[in-house]
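Trainee: Handing you this structure, nothing more for now.
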Amino acid sequence: MLPVLLASTIGEVRIGDAVDRLADQLNLTPADRAQLLPSGKQTLLGNRIHWAKTYLTKAGLLESTRRGHFRITERGQQVVASHPSHIDNEFLNQFAEFRQFTKKSANDASQDAPLIEPPLVSRAETPDEVMRAAHKQVEIALGQDLLDRIRSAPPAFFERLIVNLLLGMGYGGSAADAGRAIGRSGDDGVDGVIDQDALGLDRVYIQAKRYAAGNSIGAGAIRDFFGSLDRHKATKGLFVTTSTFSPSAKETTAFLSKRIVLIDGENLAKLMIRYNVGCRIEEVLHIKKVDEDFFE
């Protein structure tokens, strides 16, 4: 991770250029550079540099600037100025953001559960447990990357995202219908309405807030949305945000007479991954076992 961080001290860096530059610095042979993962879709070096960039970003030492590019942050510059001999997970654990990332990536077994990396297998864990923990780690990193991209995208992109997600979940009927339903922004406190059936007999009203991380939705916003639902004589509402809901907002929702479902940034990312919105399957691993019937 230290070579990746140092590579960013010259300014904005394209990830592909970083791979070539670090390969040169490490004096890798053509065979080393061409070595592929078992999937055959990415080089081993490229995969490790991408993960190093992800870890450094979660620790706040790097930040994504645009597609495939990153740069060093002020915190990253302070780390470089301290001349560390190396950077690993233990080093990054001093940063609260990275500890939060590793806690989510672990199986929630304990607050201090270490981040499980594919090359490191604990003797206390079965191969199945390691595999599932690694899969969860990949999905947590993917989810946070999705949220970062949503927050940096134009507002219209968030609107299209909700359309695609609701379509993927079986609402809206068609892209055209869903697009028209969501597109009525500023309509008396409601950002959109989508039909649950083809005739529009059952509708869900939507409020969408694209907020930065740490900017929580308060109880006031929930009460305002409740008032909008009341004016529309609606019984159901969906409140989507890229940030979080405060405890008072959740408590307010629980006591209201209308059904309002809250989807925060973490759950939004999980739904996107589940319904393949903004992401795609890169590789499928087949886990096999002995066919007892064959040997009988």
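The values are calculated or read from the model by the stated rules, or taken from the named source; none is laboratory data. All figures in this text were calculated on a predicted structure; none of them were measured in a lab. With ideal geometry, Cβ positions are generated from the backbone for all residues, glycine too; neighbour counts draw on all protein chains shown.
Trainee: Considering only region 253-270, state which residues are over 24 Å from the mean Cα position of the chain (by Cα) and surrounded by 14 or more Cβ atoms within 10 Å (Cβ to Cβ).
Mentor: Passing the criteria: T253, L256, K258.
Trainee: Since N89 meets every condition but one in (1) touching a Leu at 6+ places or on another chain (Cβ under 6 Å); (2) among the polar types (S, T, N, Q); (3) over 24 Å from V138 (Cα atoms), which condition does it not meet?
Mentor: (3)
Trainee: Of the residues G218, G214, only one is in contact (Cβ under 8 Å) with a residue 12 or more places away in the chain and exposed (fewer than 12 other Cβ atoms within 10 Å of the Cβ); which?
Mentor: Every option except G214 fails the conditions.
Trainee: Right, next: Report, ordered by the first and then the second residue, all pairs with beta carbons closer than 8 Å, sequence separation of six or more or different chains, a first member in region 131-160 that is over 29 Å from H286 (Cα atoms), and a second member that is in a helix (DSSP H, G or I) and modelled with pLDDT under 85.
Mentor: Pairs found: E159/I182; R160/G179.
Trainee: Six or more apart or on different chains, Cβ under 7 Å: which pairs go from a residue in region 42-55 that's within 15 Å of V138 (Cβ to Cβ) and modelled with pLDDT of 90 or more to one that's of a type in the set (G, A, S) and not in a helix (DSSP H, G or I)? Could you list them?
Mentor: Matching pairs, first to second residue: none at all.
Trainee: Now for a separate question. Would you check if there is a residue in region 197-209 being under 18 Å from G172 (Cα atoms), surrounded by fewer than 16 Cβ atoms within 10 Å (Cβ to Cβ) and among the acidic types (D, E)?
Mentor: Checked against the condition, which is being under 18 Å from G172 (Cα atoms), surrounded by fewer than 16 Cβ atoms within 10 Å (Cβ to Cβ) and among the acidic types (D, E), region 197-209 yields at least one hit.
Trainee: Quickly run through region 227-270 and pick out the residues that are hydrophobic (A, V, I, L, M, F, W, C) and in a strand (DSSP E or B).
Mentor: L238, F239, V240, F245, I260, V261, L262, I263
Trainee: Take K250 and tell me if it is farther than 20 Å from Q144 by Cβ and over 26 Å from the mean Cα position of the chain (by Cα).
Mentor: Considered against the rule, which asks whether it is farther than 20 Å from Q144 by Cβ and over 26 Å from the mean Cα position of the chain (by Cα), K250 comes out as no.
Trainee: For region 16-44, what are the residues that are of a type in the set (A, V, I, L, M, F, W, C), within 26 Å of the chain's Cα centre (by Cα) and under 25 Å from V284 (Cα atoms)?
Mentor: L36, L37, L44
Trainee: Moving on. I'm trying to understand the selection: among the residues of region 181-239, which are modelled with pLDDT under 90 and of a type in the set (S, T, Y)?
Mentor: Scanning region 181-239 gives S185, Y205, Y211, S228, T235.
Trainee: Next question. List pairs: first residue in region 63-85 and closer than 18 Å to E97 by Cα, second residue in a strand (DSSP E or B) and among the aromatic types (F, W, Y) anywhere in the structure, Cβ distance under 6 angstrom, at least six positions apart or on different chains.
Mentor: Taking only residues 6 or more apart or on different chains, the pairs are S64/F70.
Trainee: Does Q100 qualify as being at negative phi, exposed (fewer than 14 other Cβ atoms within 10 Å of the Cβ), outside any loop (DSSP other than H, G, I, E, B) and modelled with pLDDT of 95 or more?
Mentor: For Q100, the condition - at negative phi, exposed (fewer than 14 other Cβ atoms within 10 Å of the Cβ), outside any loop (DSSP other than H, G, I, E, B) and modelled with pLDDT of 95 or more - is not met.
Trainee: Let me ask you something else. Only one of A31, A52 is of a type in the set (G, A, S) and surrounded by 17 or more Cβ atoms within 10 Å (Cβ to Cβ); which?
Mentor: Answer to the selection: A52.
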